[in-house]
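Structure record follows, encoded as structure tokens.
Please treat every number below as a calculation from the coordinates, not as lab data. On a predicted model such as this, the values are computed, not experimentally measured, just so you know. Ideal geometry is used to build each Cβ from the backbone, glycine not excepted, and the neighbour counts take in all protein chains shown.
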Amino acid sequence: MSDSLQRFLLEGTPVRGEIVRLDATWRAVLERRDYPEPLERLLGEMVAAGALLSATLKFNGALIMQMQGEGPVRLLVVEVTSEHTLRATAKWEGDIESGGIQTLLGDGKFVITIAPESGKQAYQGVVSLEGDTVSEVLEHYMAKSEQLDTRLWLASDANMAGGMLLQRLPEHPEYDEDAWNRATTIGETITGQELLTLSARDIIHRLYHEEDVRLFEERPTAFRCSCTRERVTVMLRLLGREEVQSILTEREHVEVACEFCGREYVFDTVDAEQVFASEFQTMAGFTKH
Ligand SMILES: [Zn+2]
């Protein structure tokens with residue numbers, strides 16, 4: 001099954017794994033923007049990595065992974081919810097040469113944010129961009145933030161994004177401790193082609209047929225953008241009345257396109273008045289207290 005996450009465990013060992021295969025989900029990201037080829041591959045790997053990482057965490061809300069750079073590619077963002085829906089986008093300038101992260105982004109930062117659903121404190125971790133592939137950057141992040149030992153293998157093309165994650169659970173007296181080395185050594189033999197063409201079960205069978213594997217139920221993934229007119233309204237308020245007025249004088253309406261899904265939100269003069277009228281009410285509400 002495509003567009004799904006498959007969790008597995010090697011019984012009696014500290015090794016757990018996740019495999020993700022994104023088909024329509026990934027194409028829904030690509031349909032919305034024409035990415036240069038090297039950037040498309042990077043974004044696909046990042047989308048797969050985001051889905052894998054979100055599957056290993058217990059949280060309610062959104063996991064946001066960002067790579068920020070100073071090269072021709074400025075930003076890659078992937079947002080995955082605890083319901084396994086995701087959206088992604090990238091910002092770049094000019095022509096993009098083929099190459100890895102150091103060529104495309106150069107010096108930069110890798111940021112992971114966990115934004116809980118309702119009013120709870122968000123968590124954010126930041127490290128420098130180290131490594132030339134998405135899996136190297138992520139493995140560096142996991143090591144640096146003293147998370148569980150984690151290995152990733154990722155691949156993407158114009159139709160499919162896929163990957164495998166292995167994680168080493170905390171020690172237990174009954175665990176076969178050599179299993180982690182064994183599982184990662186065999187993991188090294190998986191090819192990008194296999195990640196993009198084999199089903200999750202076939203990948204697990206191909207790698208771990210000598211192990212006692214426990215398979216969990218597959219969880220479906222899908223593309224979904226969380227943008228709303230309300231959020232655009234908040235953004236326009238941040239932009240300020242003066243700025244919005246000056247756009248309105250030029251064009252009679254303000255158009256805001258969502259960078260993730262391309263949906264357009266249009267505000268005419270009357271709508272814009274309401275944006276700031278409700279802001280005034282909120283502020284008036286504040287002064288009363
Ligand atoms: Zn959107």
Exercise. Taking only pairs six or more apart or across chains, which ones have beta-carbon atoms under 9 Å, a first residue in the stretch 236-263 that is without any contact (Cβ under 8 Å) to a residue 40 or more places away in the chain, and a second residue that is among the basic types (Lys, Arg) and away from the ligand (no atom under 16 Å from the Cβ)?
Worked result: VAL244/ARG237
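Regarding the stretch 196-212, can at least one residue be identified that is of a type outside the set (Ser, Thr, Tyr) and within 16 Å of the ligand (Cβ to nearest atom)?
Taking the stretch 196-212 first, the residues of a type outside the set (Ser, Thr, Tyr) are 196, 198, 200-207, 209-212.
Checking the rest, the ones that are also within 16 Å of the ligand (Cβ to nearest atom) come to none.
No, every residue in the stretch 196-212 fails to be of a type outside the set (Ser, Thr, Tyr) and within 16 Å of the ligand (Cβ to nearest atom).
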For this session: Take the stretch 220-245 and flag every residue that is under 20 Å from GLY44 (Cβ atoms), surrounded by fewer than 16 Cβ atoms within 10 Å (Cβ to Cβ) and away from the ligand (no atom under 16 Å from the Cβ).
Result: PRO220
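Name the residues in the stretch 66-96 that are part of a loop (DSSP other than H, G, I, E, B) and of a type in the set (Val, Ile, Thr), would you?
Within the stretch 66-96, the first condition is being part of a loop (DSSP other than H, G, I, E, B), and the residues that meet it are 70-72, 82-84, 93-96.
Matches in the stretch 66-96: ILE96 only.
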Exercise. Among the residues of the stretch 84-112 satisfying the criterion of being more than 16 Å from the ligand (Cβ to nearest atom) and closer than 18 Å to VAL29 by Cα, which is nearest to the chain's Cα centre (by Cα)?
Worked result: HIS84
For this session: Mind listing just one residue for me: the one in the stretch 8-32 that is touching a Gly at 6+ places or on another chain (Cβ under 7 Å) and not in a helix (DSSP H, G or I) and, of those, nearest to PHE216 (Cα to Cα)?
Result: PHE8
Exercise. Residues of the stretch 117-141 being among the charged types (D, E, K, R) and either surrounded by fewer than 14 Cβ atoms within 10 Å (Cβ to Cβ) or in a loop (DSSP other than H, G, I, E, B) (or both), which ones?
Worked result: GLU117, LYS120, GLU130, ASP132
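Among the listed residues GLU210, GLU146, which satisfies the condition of being in a loop (DSSP other than H, G, I, E, B), surrounded by fewer than 16 Cβ atoms within 10 Å (Cβ to Cβ) and at positive phi? Spell out how you get there, then give the answer.
Working: GLU210 fails: at positive phi.
So the residue among GLU210, GLU146 that is in a loop (DSSP other than H, G, I, E, B), surrounded by fewer than 16 Cβ atoms within 10 Å (Cβ to Cβ) and at positive phi is GLU146.
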Exercise. Mind checking which pairs have a first residue in the stretch 17-38 that is within 13 Å of HIS84 (Cβ to Cβ) and a second that is hydroxyl-bearing (Ser, Thr, Tyr) and surrounded by 24 or more Cβ atoms within 10 Å (Cβ to Cβ), Cβ under 7 Å, 6 or more apart or different chains?
Worked result: LEU22/THR221; THR25/THR221
